[in-house]
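Have a look at the structure below before the remarks.
Every number here is computed from the coordinates shown, using simple stated rules; none is lab data. The shown structure was predicted, so the numbers you read here are calculated from the model rather than taken from an experiment. All Cβ positions, even for glycine, are placed from backbone atoms using ideal geometry, and neighbour counts span all protein chains on display.
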Amino acid sequence: MEKKQAFNPYLPNYEYIPDAEPRVFGGRVYIYGSHDKFNGISFCLLDYVCWSAPVGDLADWRYEGVIWRKSQDPGRNKGFLKSMYAPDVVRGPDGKYYLYYFIAYNGYIAVAVCDTPAGKYEYLGKVKYADGMELGKKGEPLQFDPGIFVNGDGRVFLYTGFGPVRYPKFLMGRHRATEKGAMCFELESDMLTVKGGLNYIGVPAKPMASGTGYEGHEFFEASSLRKFNGKYYFIYSSFAGHELCYALSDSPTGPYRYAGALVSIGDIGVGRHTSPINASNFTGNIHGSIAEIGGKYYVFYHRQTNRHQFSRQACAEEIFMRPDGCFDQAERTCCGLNGGPLAGKGEYPAAIACCLYGKRGARFYGVLKGIRRNEPYLTQTGKDRESKPDQYIANVCDGTVIGFKYFEFKGTKTVSVFVKGSARGKMTVSRTENGVPVADILIAPGKTYGRHLSPIKIADGKSALFFKFSGSGRLDFKSFLLE
């Protein structure tokens, strides 16, 4: 039986899991993230679910079910402003699994525990000081996006922080964002009690970044810690919004020095892409971390769909460590977990596109849903669901560019697209964004998905494919076929 290929997003395209923390336990990779609702009106509206895959087959993802419900938290509050934000899970020194989470904007970090990585977690308590006072009630900045780390010596560290300069008081109440940046708290072996006090690790927010080396890449949110080859990697989302960055230290408590960007949703920092306007994609917020799997390193992150930041999907890319321990920034692809290019023959969903922008370029999505007339976007039919994936690219019109990286071509003779809509014109196919055409596919209007075919002149070997539509009207792009 032919092995299944891995795409981005790597989960079924009806699933909207942002903020994913990858963890390897017992020969499987587990994904712990928030849970968006398709076409939701806020972030992280749904309960936590878990997916896992064997380390030897990163295309074989299994749904593990709901592992934690908001209703299980004793201090829960209803309403869309009480979403469960980015969680993290770690195996404690006692062998049990601990889930750390934050409900907006209660102000505390809470913990649930389970005997297995993806079982039914049970409430353990709030992170607190030895005197019983909750973390966050002694005047500290807002506790947010917990990242948990157990060092090789058994010491436990909690990383938190939220770094916007200004944020609406009606959302945060008495809580305040941090100006000094990311925070670290050592915990006792009970995984709940703060040992000592607040420690700033040297990853500053925007007001304190001048002269630190973090300028332009200041801390915003999404704390996560990993250790590779004796070095500590603090991973975070920068103030720029579209990029996942990291800092390095010889100690889990810092100080950390800025080391670079791991990935940008719009490939900003890769090639010609230098800003959200000329990015390779419409951008938005980002959250994720690194996992070492089978001797390779991967960065896990999410992308935006449906014209806003509330329907995000899990993606991953292989990243490469240099001899000095630093990583090169990953390029966004369609085949991040595949171990190499996709086959140059077969039918592929348009929704795996890693490059998508309109005639006027791209932009940064805000929290309010909206569309400019000539902007394409990823979406699905119907409501949020847990089956029947049918994601596609909508509103493709004159000047739209759609890119797919990468394929291994061998004897490919034709390319077809499956589209519908009022569009009339042609889809030009090339190997680069502005390259020489290798195929011209004529497009005619149709009320149902129809196949439009062209010969393709492409040399054998590894290559990207870019589709650019020129013409009138609009179309929905479901899939393409290479034969």
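At a glance:
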quantity: Charge dipole magnitude, Cβ of K and R +1, D and E -1 - the range 39-108, Cα centre, debye nearest 20; calculated: 360
quantity: Amide hydrogen neighbours beyond the local backbone of ILE441, cut-off 5 Å, H modeled; calculated: MET427, THR428, VAL429
quantity: Solvent-free Debye scattering, log10 I(q)/I(0), computed from the Cα coordinates of the range 1-142 at q = 0.08, 0.16, 0.20 Å⁻¹; calculated: -0.24, -0.88, -1.25
quantity: Span from the the range 403-445 Cα centroid across to the the range 94-162 one, whole angstrom; calculated: 49
quantity: Cα-based Rg and Dmax for the range 318-424, where Dmax is the largest Cα-Cα distance (Å); calculated: 16.9, 54
quantity: Computed E for SER472/LYS195 - FRET, C-beta separation, R0 60 angstrom, nearest 0.05; calculated: 0.35
quantity: For GLY471, net neighbour charge (Lys/Arg +1, Asp/Glu -1) across residues whose Cβ lies under 14 Å away; calculated: +3
quantity: For the range 204-267 versus the range 17-66, the gap between their alpha-carbon centres in whole angstrom; calculated: 23
quantity: Proximal lysines relative to LYS180, as straight alpha-carbon distance under 25 Å, when same-chain residues fewer than 8 apart are discounted; calculated: LYS126, LYS128, LYS137, LYS138, LYS169, LYS195, LYS206, LYS227, LYS231
quantity: Potential lengthening between ILE277 and THR116 on full extension [0.36 nm per residue; Cα-Cα distance subtracted]; calculated: 53.5 nm
quantity: Percent of Cα-Cα distances greater than 33 Å, calculated over the chain; calculated: 36
quantity: FRET efficiency, TYR449 to GLU483 (Cβ-Cβ, R0 22 Å, nearest 0.05); calculated: 0.80
quantity: For the chain: relative contact order, % (alpha-carbon pairs under 8 angstrom, 6 or more apart); calculated: 12
quantity: 37 °C / 0.692 mPa s Stokes-Einstein diffusion coefficient of the range 342-482, Kirkwood radius on C-alpha pairs, µm²/s; calculated: 213
quantity: Separation of the ASP440 and ARG62 label points, Cα + 7 Å toward Cβ, nm; calculated: 5.2
quantity: Label zone at VAL55, where the point sits 7 Å out along the Cα-to-Cβ direction: the range 223-241 residues whose backbone N lies under 20 Å; calculated: 225-233
quantity: Chain lengthening between MET321 and GLU179 when straightened (0.36 nm per residue, less Cα-Cα); calculated: 48.0 nm
quantity: Selected from GLN304, PRO207, LEU453, residue furthest toward positive end of dipole (the chain; charges at beta carbon); calculated: LEU453
quantity: Check: the chain dipole with +1 on Lys, Arg Cβ and -1 on Asp, Glu Cβ, in debye; calculated: 1660
quantity: Approximate spin-label separation ILE41-ASN229, in nm, with each point projected 7 Å along Cα-to-Cβ; calculated: 5.0
quantity: Cα-Cα over 26 Å, subset of LYS37/LYS478; LYS296/LYS413; LYS37/LYS82; LYS383/LYS447; LYS359/LYS478; LYS70/LYS296; calculated: LYS296/LYS413; LYS70/LYS296
